[in-house]
């Protein structure tokens with residue numbers, strides 16, 4: 001039987017606010033345990049939550065970026081469950097009336113096509129604390145620094161049909177929240193994590209199969225591998241005549257398998273109700289307008305502009321617009337290179353990225369600045385140095401020896417483009433090699449390369465190759481007899 | 001609307017309340033009375049009425065995104081039953 005997979009993702013992204021969603025406590029990552037947990041975060045009696053305006057603005061920005069409805073009135077609700085890292089016994093979230101509903105993003109498929117993926121909703125909520133099970137032998141340690149950190153939970157429609165599509169969608173959302181500056185998207189630190197709802201059904205069926213939920217997938221690779229494993233598992237169960245049980249499962253990356261997490265009887269009885277401590281959140285026209293004005297250029301808009309203004313191909317555009325830092329770097333490095341933007345694109349995705357990967361540096365920390373690279377590209381463009389010499393200059397720039405002009409000057413790397421000077425060398429080389437010159441004139445055109453090599457050797461590699469070719473041809477053809 | 005013994009046991013478990021077998025019948029009766037009262041309210045026609053999220057006719061005030069708290073860990077942890085290495089410690093819980 002042929003099977004069809006249906007996947008929906010719930011992405012939790014931490015919002016990059018300075019303070020928590022309902023308290024004035026800091027959100028800095030990596031602080032000493034419990035030094036960033038105030039009375040509100042600790043759930044002390046008598047405290048009241050006060051909503052962070054920036055968290056609201058960030059949620060609205062996301063909604064605008066996915067073309068969603070920004071709900072003018074949304075309501076906070078309590079999600080009730082007991083766990084030691086949730087001091088209040090409930091998480092403040094949004095349930096029936098979320099702040100953002102009905103949006104979509106377009107993802108690029110591997111076959112070159114595109115797919116629009118619906119986003120059911122995005123709602124604001126607070127994060128829980130962290131439980132540390134490995135620190136003590138018979139106890140669990142609780143760090144409540146993370147409790148109350150603002151989260152935006154982004155819920156997709158069940159419209160993803162493979163593990164690869166799910167990972168592509170997750171990357172798209174990751175790119176978007178980083179462009180919007182609403183999250184650092186740091187997956188190692190847990191700022192961006194994902195749960196996946198997965199079911200399979202016989203191809204052509206319209207009714208959904210029973211789903212399993214995979215929890216806490218915190219890398220793009222694990223999302224793909226965990227979903228792949230889970231699809232296989234469910235198909236095996238069904239083909240053996242069994243039934244898929246609705247349950248929460250955890251992905252074990254060491255064993256590359258999923259296994260059940262919570263017992264069924266406790267499953268999802270959260271008894272949501274509106275939080276009486278918080279009034280409904282209303283977003284008026286003025287607030288919405290001010291947020292609209294602060295919207296940065298979106299990835300889709302930049303992609304369009306890169307195609308139009310720089311004439312770049314779709315593959316290069318994907319690489320050069322992966323993050324807003326990447327896009328900004330490219331644009332600054334390509335400034336003034338009219339008609340030669342491909343050169344800038346090649347250097348950005350070639351030498352620059354190779355060096356960044358080699359040294360494990362992010363583009364924001366690149367020792368070669370966009371202006372430095374632009375300077376270098378200008379010198380290639382105006383013929384001062386060859387592309388090959390430029391690589392040497394780039395390495396020197398990377399090592400901190402100064403800007404391109406300084407390095408070219410101190411190392412004496414200028415190409416010899418002076419036609420008169422070059423022609424003298426060419427003439428000499430031809431005169432010194434009468435045998436080869438004769439063979440060339442006899443039809444062995446391939447020997448041109450030999451002569452170019454000789455000229456390069458004579459000039460210490462600094463001759464402008466294009467000029468050398470032209471002069472050699474002229475000299476060899478002219479002296480024929 | 002009638003509740004079963006099982007319903008009461010389930011609610012008690014979710015709320016982490018210990019209810020002995022002898023108490024169940026009493027809870028079934030009292031909780032059923034509360035639910036019956038809610039059922040009585042359902043007789044009012046509310047088709048034109050929006051759900052009420054809060055009795056006050058106000059909307060949520062917002063706070064500026066500025067840290068205002070100081071670290072008072074020692075003070076807060078003086079109330080805790082057990083603390084180690086800055087962590088609140090509880091009997092081991094693991095999935």
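The values are calculated or read from the model by the stated rules, or taken from the named source; none is laboratory data. A quick note: this is a predicted structure, and the numbers were derived from the prediction, not measured. Here the Cβ is made from the backbone with ideal geometry for all residues, glycine too, and neighbour counts use every protein chain on show.
Anything in the stretch A:79-115 that is more than 14 Å from every other protein chain (Cβ to nearest Cβ) and either part of a loop (DSSP other than H, G, I, E, B) or under 19 Å from the mean Cα position of the chain (by Cα) (or both)? List them, or say none.
Matches in the stretch A:79-115: A:104, A:105, A:106, A:107, A:108, A:109, A:110, A:111, A:112, A:113, A:114, A:115.
When residue A:45 is evaluated against the numbered criteria (1) in contact with a helix residue (DSSP H, G or I) (Cβ under 8 Å, 6 or more places away or on another chain); (2) more than 11 Å from every other protein chain (Cβ to nearest Cβ); (3) under 22 Å from residue B:70 (Cβ atoms), which criterion, by number, is the only one it fails?
Result: residue A:45 passes all but (1).
Working only within the stretch B:28-79, note down all residues that are more than 8 Å from chain A (Cβ to nearest Cβ), under 30 Å from residue A:24 (Cβ atoms) and more than 22 Å from the chain's Cα centre (by Cα).
Matches in the stretch B:28-79: B:57, B:70, B:74, B:75, B:78, B:79.
Being within 25 Å of residue A:79 (Cβ to Cβ) and within 14 Å of chain B (Cβ to nearest Cβ) narrows it down to one of A:124, A:151, so name that one. Lay out the reasoning, then the answer.
Working: A:151 fails: within 14 Å of chain B (Cβ to nearest Cβ).
The conditions single out A:124.
Being within 14 Å of another protein chain (Cβ to nearest Cβ), under 30 Å from residue A:166 (Cα atoms) and not in a helix (DSSP H, G or I): is that true of residue A:11 here?
Judged against the criteria, residue A:11 is not a match.
Given the condition more than 30 Å from residue A:352 (Cβ to Cβ) and loosely packed, with under 12 Cβ neighbours inside 10 Å, answer yes or no: does some residue in the stretch A:401-420 qualify? Walk me through it before giving the result.
Start the filter on the stretch A:401-420 by keeping residues that are more than 30 Å from residue A:352 (Cβ to Cβ), which leaves A:418-420.
From what is left, the residues that are loosely packed, with under 12 Cβ neighbours inside 10 Å are A:420.
Yes, the conditions are met somewhere in the stretch A:401-420.
Please find, within the stretch A:386-412, the residue that is modelled with the lowest pLDDT out of those that are within 21 Å of residue A:467 (Cα to Cα) and in a loop (DSSP other than H, G, I, E, B).
Here the residue is A:412.
Taking residue A:328, is it out of contact with any helix residue (DSSP H, G or I) (no Cβ under 6 Å at 6 or more places or on another chain), within 19 Å of residue A:174 (Cα to Cα), part of a helix (DSSP H, G or I) and not assigned by TED's automatic domain parsing to the domain that holds residue A:98?
Values: out of contact with any helix residue (DSSP H, G or I) (no Cβ under 6 Å at 6 or more places or on another chain): yes; within 19 Å of residue A:174 (Cα to Cα): yes; part of a helix (DSSP H, G or I): yes; not assigned by TED's automatic domain parsing to the domain that holds residue A:98: yes.
Yes: the conditions hold for residue A:328.
Suppose we filter A:281, A:287 for residues that are within 12 Å of another protein chain (Cβ to nearest Cβ), touching a strand residue (DSSP E or B) at 6+ places or on another chain (Cβ under 7 Å) and either in contact (Cβ under 8 Å) with a residue 60 or more places away in the chain or under 30 Å from residue A:185 (Cβ atoms) (or both); which single one remains? Step through it out loud before you land on a result.
Values: A:287 fails: touching a strand residue (DSSP E or B) at 6+ places or on another chain (Cβ under 7 Å).
Only one candidate qualifies: A:281.
In this structure, is residue A:199 touching a helix residue (DSSP H, G or I) at 6+ places or on another chain (Cβ under 8 Å) and surrounded by 14 or more Cβ atoms within 10 Å (Cβ to Cβ)? First the steps, then the outcome.
Values: touching a helix residue (DSSP H, G or I) at 6+ places or on another chain (Cβ under 8 Å): yes; surrounded by 14 or more Cβ atoms within 10 Å (Cβ to Cβ): yes.
Criteria met by residue A:199.
Find the residue count for the stretch B:80-89, including only residues that are at the interface with chain A (Cβ under 7 Å from one of its Cβ atoms) and touching a strand residue (DSSP E or B) at 6+ places or on another chain (Cβ under 6 Å).
Residues meeting the conditions: 3.
Considering each of A:383, A:461, A:443 in turn, give the residue that is assigned to a loop (DSSP other than H, G, I, E, B) and without any contact (Cβ under 8 Å) to a residue 60 or more places away in the chain. If you could, list the steps in order and put the result at the bottom.
Working: A:383 fails: without any contact (Cβ under 8 Å) to a residue 60 or more places away in the chain; A:461 fails: without any contact (Cβ under 8 Å) to a residue 60 or more places away in the chain.
It is A:443.
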